[in-house]
Structure formats: C-alpha cells, structure tokens
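The values are calculated or read from the model by the stated rules, or taken from the named source; none is laboratory data. Small disclaimer: the values here were computed from a predicted structure and weren't measured. Every residue, glycine among them, receives a Cβ derived from its backbone with ideal geometry; neighbour counts consider all protein chains shown. Surface accessibility is based on the protein's heavy atoms, side chains included, excluding ligands, DNA and RNA. Shrake-Rupley method; radii C 1.70, N 1.55, O 1.52, S 1.80 Å.
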Amino acid sequence: MKYCFPAFFLFFLISYNSQAQSETKTDTIPKSLISKALESGYVETKYFNFDLRYLIKYNQYEGFRTGLGGITNSNLSEIFRVEGYTVYGFLDKEFKYSIGTGVRLAKETNTWLNLNYTDDLQETGSSNFLTDQRFFQLFEPRLINIETFHKQTTKALSVEHQFAPEILTETQFAISNIEPKYDYTYNHESLGSFKNYKLSILTVSAQLSPFSKFEQTSSGIVETTSGFPKFTLQYTKSFADILKSDFGFSKIDFRAIQQFKHQKEALTEFVFTSGLANGDIPITHTYHAYPNNVSKETILRRFSVAGTNSFETMYFNEFYSDKFATLQMKHKLNPINISPWLKPELVLIYRYALGKMENLARHENINFGTLEQGYSEAGLEINKLFFGFGLSFAYRHGAYH
C-alpha cells in the first residue's frame, strides 16, 4: 500500500488539474497538454503518438507494470502505420511487448490490413470484442487485484472494415502459444493432459450502431454522436490440427447496450452480455463475469476500487462458465449541487449472472463454482466526491448470498 499512495496522489493531482481545465476553458483557449492527453489517451508529437495506457499499471502477478508504447500518426503516413509497446513487471521480473503494422486499403470504409506479434499476459476468463473502440483509463480499478493470468504469445493477421458507417467489422486469424501462470492442467479423455497448448483461432466481430451519427473526415469515418441501442456480435473458431493447434472449439458472444436519458443529467443504462462455447475449451478461454472481490484474510488486504461493469461482491476465480449471460442495470440520478466544486452523483445498480460449465472434471488443479442458480447483487454508488472518486456499496443476495 505504501507504494500505491504516491501513485494515487499523482492521479489525484492530474485529475484535479484536468477538471479545473475543463471547467475554465473556452472555445478560444486551446486545451492544455495534460487535459488533451487525458481525453485522448495519447501524448501527440509530430510523427508519433505516445500511448498512456502503458505508462504505469499494477496487478497482483506483475506488481507495478510500466513501459512505453504508441503509434505513428497521419503526419508520417496516411496509408501506413506502425504501433507497439514494451513493458516490464517488477514482481515477475519479465518484459512483455507487442509490435504491429497496418496498411490502409480504403479510406472511405476505414479498411486496414494489420499484422501483429504480441508476447504478453492475458487475464484468464476475460472475453473481449475485437471491435471495441479504444477506451482510455489512466487508472483501471479491477486490475489492482487480478492474479490469474496466462502468457499468450500471438501472431495475428486481421482486417478492419466498415461496410456502412453503422456497421464496423474486424476479422482476425491468430496463432497463439498459451502458458497458464498458475497450477492448471486440462485433462481430456482422448487427447491427453495439457499444461501448455497451442491454438489456431479465427475471430469475426461486428458492431452495429444504427442510431449513431457519423461523418466522413480526412482520417476516415468518425462517430460524432453516440446513439443507442448498440449491438456487438462475435464468432470465434479454434481449429484442431491446423498449424499444430491442440483444441477445437467455437464461441459466440453477444452484447447489447441501451441508454435512456431523462431530464437534466439523469440516465438509465442496461447492458446485456452473453457467451456460448462448445467443444474442447480450456479454462483460459472460458468466461467469468468480471468479479472484483478479494478473498484475503484481513480487511486491510481486501482493498479494491469499484469497476465500471464488474460484479463487486463476486470473488476472483470463484466462478467460470462456458455458457453464461449477465444483465446489468444502472440508474444515475441528477447531480446534487452542494457547491461549485462538490456535485456528487447517486447511482443505483442491479446485476444478475447465470451460467454453467460442461465437462467440469477436465479442469484440474483449479477450484471454482458454477452459476446455474443465478447470481444477484444490488449496489449504490456515490460518485465524484473527491477528485472524481466516491464510495461504493454492494450487497450479494439470492442463491449465492
């Protein structure tokens, strides 16, 4: 904790400066360097934009993780880009890195052909959509307490394409070597036992934003107004015996986001997520519900910060599923205007998860439960009390209370 406080203090200062800048700037005064960087996540130079995501992070396996990364910008080339990063974990004492390049095939449809090589860690059970837009957070709440990672060395070829302004797609073929960084064996009745394995995976992802507004700019199609609902669908296929791949399985993932804006700044949001996996699938590529509760002995060691869409009362590694669905509901009330610098926001939250796991006995040396009975939690957040932070309360009820 003594190493965390300086980092938090630095973050508070940056957040306070950013908030002060945003409250006082006008259209005729350009943003400060810090404000612009915090908004975009990049520190821009003439030919290269430094990516702040890799500056400093912390988790239970790597400890502090720090490094540099970035991407070339249009001043260098509008049809060619190079991106990458390198980071170092002070607890595991290992470097991780990624290098990639892309060639623009068509500006009108934001079509890019990309080639990447990545040697890094991935949280076990996490499931990401290829088409998710880059979302920058200087401080990632869940990352602090995650300890279950697998090393993933991946060669990937992908194509980004926008069939229409409302339809964004990405298709990727990747070859990955997987090495769990914890005691785990996938024991298949006919294939044998695996501690490490190789996968050849094709992924096709599409995001539909039918109610958003877009503009064609010099850099391509840009979303100017975000409309709801939004839908994302992704299909993943791992091919057995292709390029020495060990397992064959398939996954279908779906997400729908709906928001209702009320008077003033009140807002209601619904997020529905589901996943269905079939075949010989190891624990690394199954699903969890983004838990955020720490199972350590003393209260002071259970320090955590509430995530955006995480289950706050669900313990890390408590549940895994190969079929799951979650529904999250949030209702944000109008800010309470106490003073010009203190306008806290009250948010009411309800989350529900349902899941199951086939072939449970194949996953050896790791203990976890399943979600057949349905998992429920209700919560309350009081946001923006101090430097953007607030307080969060959550209660776990129902079958797993």
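According to a simple spin-label model (label point 7 Å from Cα along Cα-to-Cβ), what is the distance in nm between His401 and Tyr235?
According to this spin-label approximation, the distance is 4.4 nm.
So which residue, out of Arg302, Arg53, Arg81, gets the largest mean-square fluctuation from a GNM of the chain using Cα contacts under 10 Å as springs?
Result: Arg302 has the largest fluctuation of those listed.
Considering only Ser209, Ser190, Ser295, give the residue with the highest GNM mean-square fluctuation for the chain, with springs between Cα atoms whenever their separation is below 10 Å.
Result: Ser190 has the largest fluctuation of those listed.
Tabulate in residue order the Karplus-calculated ³J(HN,Hα) for the range 303-313, using 6.51 cos²θ - 1.76 cosθ + 1.60 with θ = phi - 60°, rounded to whole Hz; enter x for Gly and Pro.
Taking θ as phi minus 60°, the curve returns 4, 8, 10, 4, x, 6, 9, 9, 7, 6, 9 Hz for the range 303-313.
Under 8 Å for C-alpha pairs, at least 6 residues apart: give me the relative contact order for the range 53-176, rounded to a whole percent.
Averaging sequence separation for qualifying contacts and normalising by length gives 22 percent for the range 53-176.
Name the residues whose placed amide hydrogens come within less than 5 Å of the amide hydrogen of Asn73, ignoring near sequence neighbours (fewer than 5 apart) on the same chain.
Counting only residues 5 or more places away or on other chains, the set is Phe48, Asn49.
In the range 189-262, with Lys and Arg counted as +1 and Asp and Glu as -1 at Cβ, which of these residues, Phe228, Leu202, Ser190, has the Cα nearest the positive end of the dipole, that is, farthest along it?
Of the candidates, Phe228 comes out farthest on the positive side.
Which of Lys237, Lys213, Lys198 moves most in a GNM of the chain, Cα contacts under 10 Å?
Judging by the Gaussian network model, the answer is Lys213.
Hey, quick one: spin label on Glu147, modelled 7 Å out along Cα-Cβ, who in the range 291-309 has an amide N within reach, i.e. under 19 Å?
Output list for this probe position: 291-306.
Considering Cα pairs under 8 angstrom that are at least six residues apart, work out the relative contact order of the chain and quote it in whole percent.
10
Using θ = phi - 60° and the Karplus form 6.51 cos²θ - 1.76 cosθ + 1.60, what ³J(HN,Hα) does each residue of the range 329-339 get, whole Hz, x for Gly and Pro?
Whole-Hz 3J(HN,Hα) from phi for the range 329-339: 10, 10, 10, 9, 7, 4, x, 8, 7, 7, 7.
With the full set of protein chains in place, find how many percent of the accessible area of the chain is carbon and sulfur; take the probe as 1.4 Å.
Whole-percent figure for carbon plus sulfur exposure: 60.
Based on DSSP loop calls and a cut-off of at most 14 other Cβ atoms within 10 Å, the longest stretch of the chain free of exposed chymotrypsin sites (Phe, Trp or Tyr not before Pro) is what? Please report the intermediate quantities before stating the final value.
Working: sites that count: Tyr3, Tyr47, Phe90, Phe135, Phe136, Tyr182, Phe211, Phe303, Trp341.
In the chain, the maximal stretch lacking such sites is 212-302.
Let me cross-check Ile257: its accessible surface, 1.4 Å probe, with only protein heavy atoms counted, in Å² to the nearest 10?
Using a 1.4 Å probe on the heavy atoms, I get roughly 40 Å².
With θ set to phi - 60° and the Karplus curve 6.51 cos²θ - 1.76 cosθ + 1.60, what are the ³J(HN,Hα) couplings of the range 177-185 in order, to the nearest whole Hz, using x for Gly and Pro?
9, 10, 9, x, 9, 7, 6, 8, 9
Is there a quick way to get the dipole size of the chain? I mean about its Cα centre, with the Cβ of Lys and Arg at +1 and of Asp and Glu at -1; what is the value in debye to the nearest 20?
So the magnitude is around 660 debye.
For the range 41-91, what D do you get in µm² per second when you plug the Kirkwood radius from alpha-carbon pairs into Stokes-Einstein at 25 °C and 0.890 mPa s?
The diffusion coefficient I find is 208 µm²/s.
Leaving out ligands and nucleic acids, note down the accessible area per residue over the range 249-401 with a 1.4 angstrom probe, in whole Å². Can you show the working numbers first?
Values: 7920 Å² over 153 residues.
Value for the range 249-401: 52 Å² per residue.
If you compute log10 I(q)/I(0) by the Debye sum over Cα atoms at q = 0.06 Å⁻¹ for the structure shown, which of (i) -0.31; (ii) -0.26; (iii) -0.20 do you land on?
So the structure-derived entry is (ii).
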